[in-house]
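Reading through the structure tokens given below for one structure.
Each value in this text was obtained by applying a stated rule to the coordinates, not by laboratory testing. Owing to the predicted nature of the structure, the values given are computational and were not obtained by experimental measurement. Because the Cβ atoms are built from the backbone with ideal geometry, glycine has one as well, and the counts that use them run over all protein chains shown.
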Amino acid sequence: MDAHKQLRIGLFGFGVVGEGLYRILQQTPSLRATIKKVCIKHPGKKRNAPEDLFTTDKFELLNDPDINVIVEVINETEPAFDIVTTALRNGKDVVSASKKMLAEHLPQLLELQKETGLSILYEAAACASIPVIRNLEEYYDNDLLHSMRAIVNGSTNFILTKMFEEKLDFKQSLLMAQQLGFAESDPSLDVEGVDAVNKWTLLLAHAYGIISDPKNIVYNGIQHIQAGDATVASEKHYEIKLVAQAKKLLNGKVAAFVLPQFVKPDDHLSFVKNEYNGVVIESGFADKQFFYGKGAGSFPTASAVLSDLSALRYQYRYEYKKLYHHAPLELTDDFYIKIYVSFDDWSYIPKEKFEWIEEWHAESDRKYLIGVISFKELQNSNWWRENKTSLILTPEPIIEDVEIRKLKKKSLELAGIT
Ligand code: HSE
């Protein structure tokens, strides 16, 4: 596709993102991109666009030789996969925002891109308006990318902001996130951390060449956070955020997970409020960098789709450089983490599994401890997600395997145990 070529788009979905794109394209004639047809599921709905633009027949778009780009922004995972794979096989480039579909089917989509030589771009699928995928793809050689920490879900960040800064309750905050078009149509995907881990799967592929099933990454959402946790956080001058993180360890492998975390006031992520997202990258020589922008909502998400469309005009493709041109990295569970856990009853907590416990508070109904545990233990157990137990990472949670003995000795000495 040459830079002067007109993009003729077949659009799947006319919800928050699809309609946003339609409006944005009306305001950007210089892109020379027009939507030829929009495929929708429910024809009866009132829509602010000419009726003859719409169809319910997907093949009107997928088999139209005049359409050279398919933009897929629907909600359902398997139909979305069917649309993008058919589009690629039919010789059309694809722009998608379906993070769940992309994360769950990344291996097949990698193969199909190789096979067809066509492009599937999905900047809108992670951190919406922040151009993080293309940055990770083009910058940061594998050996230089030390760590990434990010807030990748706008709805949960919005809910936490409303609950802890404006003292709204959880239900009210979630309802607002839904009304503003931030939440997924099934909001449990946001609240329980599924959306965040899907996005993290995509970012791990572009950052480190790690291709992982999202199911293999330890994650949780904000559903178990209690008022008492917020009290502890504010006593310690922390905030609670849902943080996706990845860190290259001394063994050359990557620790990656998505869990709530106590964040210090001088952490860049504490600056990220409401539906905003933020990504902090630490790399050799460049040191720390912070990307910040709206992570959900109609125009911010559509703006990323627009930038993908614009990139297609100069034949941009993800090269998956970290996977194909560098030595791809692997995930590891060989490390320890320092966690805060609050709970109703001691019997829910396997105390013997902790390497050591630094603080415990049993004065009130809601009890809590801060201790160090092996990551493997979390990966292979469920006690920390059950019985209204709430697990929150401490600000610098990762302890490397090689450090654990020294630190354990020191902590036991401090406690007067040795
Ligand atoms: N539900 C998503 C979020 C939408 O809240 O971040 C943007 O991907």
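Worth pointing out:
- Net length gained if the chain between residue 51 and residue 348 were fully extended (0.36 nm per residue, minus Cα distance): 101.1 nm
- Three-way shape label, segment 144-219, alpha-carbon gyration tensor, a/c 1.5: prolate
- Charged side chains reduced to their Cβ positions (Lys and Arg at +1, Asp and Glu at -1) give segment 336-414 a dipole of some 160 debye around its Cα centre.
- Folded to 0 to 90 degrees: helix 16-26 orientation relative to the chain principal axis, Cα: 50 degrees
- For segment 1-67, a Kirkwood radius taken over Cα pairs fed into Stokes-Einstein (4 °C, viscosity 1.567 mPa s) yields D = 103 µm²/s.
- Each peptide in 318-331, 117-130 gets a packing score, the mean of other Cβ atoms within 10 Å over its residues, and the list from highest to lowest is 117-130, 318-331.
- All distinct Cα pairs of the chain go into the 1/r average, and the inverse of that average, the Kirkwood radius, is 22.6 Å.
- Three-way shape call for segment 189-265 based on the alpha-carbon gyration tensor, with the a/c threshold at 1.5: oblate
- Based on alpha-carbon atoms, the Kirkwood radius and the radius of gyration of segment 141-294 give Rg/Rh equal to 0.97.
- The modelled label-to-label distance for the pair residue 41/residue 27, using points 7 Å beyond Cα in the direction of Cβ, is 2.8 nm.
- Taking 16 Å as the straight-line reach from the Cα of residue 322, the lysines in range (excluding those fewer than 8 positions away in the same chain) are 114, 247, 248, 253.
- Relative protection proxy for 17-23, 51-57, from highest mean packing down: 17-23, 51-57 (other beta-carbon atoms within 10 angstrom).
- On the principal axes of its alpha carbon atoms, segment 336-414 extends 35, 28, 23 Å, with the longest extent given first.
- A simple packing score, the average count of other Cβ atoms within 10 Å per residue, orders the peptides 354-364, 208-218, 228-238, 295-305 as 295-305, 208-218, 228-238, 354-364, with the highest score first.
- Test item: Cα-centred dipole of segment 141-294, Lys/Arg +1 and Asp/Glu -1 on Cβ, debye: 180 debye
- Cα gyration tensor category, rounded, prolate or oblate, for segment 290-374 with a/c compared to 1.5: oblate
- Within straight-line cross-link reach of residue 45, lysines at Cα separation under 29 Å, skipping those fewer than 8 residues along the same chain: 36, 37, 58, 92, 99, 100, 171, 294
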